[in-house]
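Presented below is the structure to which this report refers.
FYI, it's all coordinate maths here, none of it is from the lab. What you see is a predicted model; the values in this text were computed from it and never measured. Here Cβ is always computed from backbone atoms with ideal geometry, including for glycine, and neighbour counts include all displayed protein chains.
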Amino acid sequence: EEIYALRKTNPTTGAQLNYRTAREVAGDPYIIDTNGDGVINTQDRVVLGNFNPKFYGGFNLAVTYGNLYASAVFTYSYGAKRMWNYTYSSVSAGLATYNSYNHMQDSWNFTNDPMTQLPRIGLTGTYNALSDFVIHDASFIRLNALNINYRLPKRWFNDKFLNGIDLTFQASNLFTITKYPGFDPQGNFGSTDMASSYVVGTRDSQELIGVGSGVDYSRYPSSTTFSLGVKLSFK
């Protein structure tokens, strides 16, 4: 009923006009008619965000206490928007004969829930128009590196062949604080080239736009690494 209520009638011919596509059914994404003309087309496009952050940077924290020294390097970014291609491709690719994301079980096809995480999935590419459903805030703060060094007390080495021993613990990419739903709010892109292109628009009107790192392809993020070291100083 909602779909039919959205459709308008051509005042000249009396023919019924599709709101977005002729194949639109229950469970499809509800694309907003921003200019109010009753038809979804290129005139309804709006800016959904910018993958360049409003500001970004980093800072270092360090502390020394006796023979203990610790430092931490943080980076942050605020205001960037990214397209999570994982969700977009799940809906657009359809329920093919190949392996599919487990996430697709949360779609309308399986739940019939209007508050489901994914709209209807179909082989016809029902979700061919980009919307803010797949655009997410990629702001984050990340602990990039942690270094802890402890020098054993010098008195332990009196009258010995050693001057001292330093113990070192290092870790990288320990954690990221973010609301971004993907693996990594900063990486996982196919190309950093600003000229990289992506098709947007409806079936009737499409165009290529440069997006580069604005699309997250869910490649594996940077690993968290740990290392231990021992430094011996001889007399």
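At a glance:
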quantity	calculated
Environment charge at ILE32 (Cβ cut-off 10 Å; Lys +1, Arg +1, Asp -1, Glu -1)	-3
Under 14 Å, Cβ to Cβ, from THR168 - net charge with Lys/Arg +1 and Asp/Glu -1	+1
Contact order normalised by residue count of the stretch 15-108, Cα under 8 Å, 6+ apart, percent	20
Net charge, LEU118 excluded, C-beta distance under 12 Å - Lys, Arg +1, Asp, Glu -1	-2
